[in-house]
Amino acid sequence: QDDLFKNVISHAKEYGFIFPSSEIYDGLSAVYDYAQNGVELKKNIREYWWKAMVQMHENIVGIDAAIFMHPTTWKASGHVDAFSDPLIDNKDSKKRYRADVLIEDYAEKINIKAQKEIEKAKVRFGDAFNEAEFVSTNERVKGYLDQKNAILQRMARSLESDNLADVKALIEELGIACPESGSKNWTEVRQFNLMFATKLGASADTAMDLYLRPETAQGIFVNFLNVQKTGRMKIPFGIAQTGKAFRNEIVARQFIFRMREFEQMEMQFFVKPGEEMQWYEYWKQTRLAWHQSLGLGAENYRFHDHEKLAHYANAAADIEFNFPFGFKELEGIHSRTDFDLKAHEEYSGKKLQFFDNETNSSYVPYVVETSVGLDRMFLAVFSKALQEETLEDGSTRTVLRLPSVLAPTKAAVLPLVKKDGLPEIAREIIEDLKWDFNVAYDEKDAVGRRYRRQDALGTPFCITVDHQTLEDKTVTIRHRDSMEQQRVTISELRGIIYNEVSM
Ligand code: ATP
């Protein structure tokens, strides 16, 4: 698993997807730059999301709110007081950790033991295996799962009641050691606010303390009435947004899984109070279906219903993805009640209510939100797509099986040789296709090596121009996944590519 993850990181760099930020100065921790191919993949994921959420829903519209917001926003939202993580230091190694993550990792190890027993039993009992029955009768497995649940429940209770001493006690009782040094010499647990602060304005006495937004959602809440009125929106309706968010994360060592500057794709759906649970279920299923539509394997997704709810939520679930380091949160679906709009009403003194023509009365809507990290989505897609294959002749190839709709480059056009007019025809094909698709030209190296390079970049098609093209205007088109080649006329290319890469 470690090797797989290392491979993902080095492939992302070697093929121009992701670079460490300011690398010539040795980088900046948990900050990354998207390179020439990465920026295309990222843009395509964003567009795929936008199309599914905004274009396909008559009652969802988009906005693009500023990153800077009035500082009172973050008082009202609860971020100034409650947007923090429990932090703990190891006294010997001087390393800093999230106390909840240390405990969750410990619980996950117990869970893995249970899963291993279950896997072994599946092999042993074959078709006769019934997981639910096995778990309820197998003492050992039940013991592991109970132990895991007890740990997580105690942690949730302690965090909820801000009993940080008990979080520390739990770490000590479990004998959790510093992953780096093995030392068990821990400091107290304390809360650490994740927002980045900055100042607006030049003069010292009039400058205003600001925060870089830690989530995009608040830009939507403060604009709720503006959008509702100018768009003549009727409840239920949604507002969608993609954009940067900033968090001073404590544990930031998982490549683009947890960054200090990242991008979110969020949608807040405003509903009638009392109907939120039905919409919560609807969006859980709809978002899962969206992820699965990419064809990366349904078994790589699972729901995780939260036991510990944030201060604003009455129900919450994650869609988890099977990352190279195991199942982790990819997207959150939260039923946020009327917490945010009510808080903004209180702090701003402005009404944020919907007037219902049918009942002739006003109310503060409830909100169901879907929130997915664009960078996490990138990591999910990229890590599952990257595969090493052994071919029939025993040779290996690296292929990035990106969903075609997301691929940075849709087709590469390759003249077989650099002479006899073949490059000119290749250029003509590009001139024609580039209006509709991202296409690339490559004439360097033998054609087999060029194919391999495009495989590693995730390009779904290679189009090769050869001497026969001069005679009958046909080319070969090679499919990335099957490596099959077809002879087609130049005029057919657009249709073939379009069928494969359109949303
Ligand atoms: P986590 O528990 O992993 O810290 P969270 O529950 O704080 O995440 P939310 O506040 O619900 O996350 O944010 C919604 C989504 O934004 C997450 O599902 C994730 O995809 C993304 N996200 C959150 N924090 C980061 C980060 N530091 N780097 C990259 N993506 C992030």
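The values are calculated or read from the model by the stated rules, or taken from the named source; none is laboratory data. These numbers come from a predicted model, not from an experiment. Cβ: placed from backbone, ideal geometry, glycine included. Neighbour counts: every protein chain shown.
Since Val101 meets every condition but one in (1) surrounded by fewer than 13 Cβ atoms within 10 Å (Cβ to Cβ); (2) at pLDDT 90 or above; (3) in a helix (DSSP H, G or I), which condition does it not meet?
Single failed check for Val101: (1).
Would you mention how many residues in the range 445-488 are among the β-branched types (Val, Ile, Thr) and out of contact with any helix residue (DSSP H, G or I) (no Cβ under 8 Å at 6 or more places or on another chain)?
Looking only at that region, the number is 3.
List every residue pair whose Cβ atoms sit under 9 Å apart, with the two residues 6 or more apart in sequence or on different chains, where the first one lies in the range 317-334 and is in contact (Cβ under 8 Å) with a residue 60 or more places away in the chain and among the basic types (Lys, Arg) and the second, anywhere, is assigned to a strand (DSSP E or B) and within 9 Å of the ligand (Cβ to nearest atom).
If the second residue must be assigned to a strand (DSSP E or B) and within 9 Å of the ligand (Cβ to nearest atom), the pairs left are Lys328/Asp318.
For the range 467-484, which positions are of a type outside the set (Lys, Arg) and within 34 Å of the chain's Cα centre (by Cα)?
Those that are of a type outside the set (Lys, Arg) and within 34 Å of the chain's Cα centre (by Cα): Ile477, His479, Asp481, Ser482, Met483, Glu484.
State all residues of the range 259-286 that are surrounded by fewer than 20 Cβ atoms within 10 Å (Cβ to Cβ) and near the ligand (Cβ under 8 Å from one of its atoms); if no residue qualifies, say none.
The answer is Arg260, and nothing else.
Given the conditions (1) farther than 20 Å from Phe327 by Cβ; (2) surrounded by 14 or more Cβ atoms within 10 Å (Cβ to Cβ), and given that Asn111 satisfies all but one, which numbered condition is not satisfied?
Result: Asn111 passes all but (1).
Which of the numbered conditions does Asp100 fail, given that it passes all the others? Conditions: (1) touching a residue at least 60 places away in the same chain (Cβ under 8 Å); (2) more than 30 Å from Ile250 (Cα to Cα).
(2)
Just to confirm my filter: which helices (runs of 4 or more DSSP H) fall fully inside the range 125-196 and include at least 1 residues that are within 30 Å of the chain's Cα centre (by Cα)?
Once the helices (runs of 4 or more DSSP H) in the range 125-196 are filtered for at least 1 residues that are within 30 Å of the chain's Cα centre (by Cα), what remains is 139-160, 164-174.
Only one residue in Lys42, Lys6, Lys75 is charged (D, E, K, R) and surrounded by 15 or more Cβ atoms within 10 Å (Cβ to Cβ), so which one is that?
Step by step, each of Lys42, Lys6, Lys75 is checked, and only Lys42 is charged (D, E, K, R) and surrounded by 15 or more Cβ atoms within 10 Å (Cβ to Cβ).
Looking only at the range 225-244, decide whether some residue is more than 25 Å from the chain's Cα centre (by Cα), outside any loop (DSSP other than H, G, I, E, B), crowded, with 19+ Cβ neighbours inside 10 Å and more than 10 Å from the ligand (Cβ to nearest atom).
Yes, that holds for at least one residue.
So which of Asn7, Asn37 ends up being away from the ligand (no atom under 16 Å from the Cβ), polar (S, T, N, Q) and within 25 Å of Glu266 (Cα to Cα)?
Asn37 is the lone residue from the list that is away from the ligand (no atom under 16 Å from the Cβ), polar (S, T, N, Q) and within 25 Å of Glu266 (Cα to Cα).
Would you check which residues across the range 70-103 are away from the ligand (no atom under 16 Å from the Cβ) and closer than 18 Å to Arg258 by Cβ and list them?
Ile88, Lys95
Looking at the range 15-65, which of its residues are among the small types (Gly, Ala, Ser), assigned to a loop (DSSP other than H, G, I, E, B) and modelled with pLDDT of 95 or more?
Answer for the range 15-65, where residues must be among the small types (Gly, Ala, Ser), assigned to a loop (DSSP other than H, G, I, E, B) and modelled with pLDDT of 95 or more: Gly16, Ser21, Ser22, Ala35, Ala65.
Just checking: which of the strands (runs of 3 or more DSSP E) contained wholly in the range 321-397 hold 1 or more residues that are surrounded by 13 or more Cβ atoms within 10 Å (Cβ to Cβ) and away from the ligand (no atom under 16 Å from the Cβ)?
Those strands (runs of 3 or more DSSP E) span 354-356, 361-363, 366-373, 386-390.
Among all residue pairs at least 6 apart or on different chains, which show Cβ distances below 6 Å where the first residue, located in the range 274-293, is within 19 Å of Phe237 (Cβ to Cβ) and the second is modelled with pLDDT of 95 or more and of a type in the set (S, T, N, Q)?
As it stands, the answer is Glu276/Ser335; Tyr280/Ser335; Trp283/Thr370; Arg287/Thr370, since those pairs meet every condition given.
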